Amino acid sequence: KEAENEAWQQILAEDGIIEGCDDEDGDVVDDTGELSQLTGKPTPQDVILCAVPVCAPYSVLSQYKYRVKLTPGAVKRGKASKQCVEMFLHSENDKKKSDDVGTKRDNDLIKLVNENEWVQAIIGDVRITSAGASKVAKKQKGNKGKSK
């Protein structure tokens, strides 16, 4: 047990999360450095490693670049997640800036997020109330009718 604890202390010290592993009382793990690297509104100069879907109160997400408003409704989580992804990939802002490098990068990262992660981030049965949500819903219904 002590060897395992010392190994973790050494790994954390190497990563710069704790100052050192000399005194056992004063070692406090500082994980705020990792949290400060997360952003909801990336700039073109930012190095983005991955996209993370989150579900939070709409007022908290007001500064996020990609957001939808979820309210209680009848749409299942899987279908709602697909609609959200479609809205993010085909938003009006992206059509205006189709040659923007940041937008292409964002779309690629959105596509890389696993569908299961999107579904897990969304709460129960919802209704998407956001600009363009009705267009995406109609488009999906139209595609479903054509495939039959």
>> What pairs come out if I take residues in the stretch 58-85 that are in contact (Cβ under 8 Å) with a residue 60 or more places away in the chain and pair them with residues that are in a helix (DSSP H, G or I) and open to solvent by 40 Å² or more (accessible area, probe 1.4 Å) whose C-beta lies under 7 Å away, six or more apart or interchain?
In response: none
> Ala131 versus (1) exposed (fewer than 14 other Cβ atoms within 10 Å of the Cβ); (2) at pLDDT 70 or above; (3) part of a helix (DSSP H, G or I): which is the lone unmet condition?
Replying inline: (3)
> From the residues in the stretch 17-41 that are touching a helix residue (DSSP H, G or I) at 6+ places or on another chain (Cβ under 8 Å) and not charged (D, E, K, R), which one is modelled with the lowest pLDDT?
Replying inline: Cys21
>> Please count how many residues of the stretch 81-118 are modelled with pLDDT of 85 or more and within 19 Å of Val47 (Cβ to Cβ).
In response: 7
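The values are calculated or read from the model by the stated rules, or taken from the named source; none is laboratory data. Just so it is clear, the structure is predicted and the values come from calculations on it, not from any experiment. Cβ coordinates were reconstructed from backbone atoms using ideal geometry, including for glycine residues, and neighbour counts include every protein chain displayed. All accessible areas refer to the heavy atoms of the entire protein, side chains included, with ligands and DNA or RNA removed. Shrake-Rupley method; radii C 1.70, N 1.55, O 1.52, S 1.80 Å.
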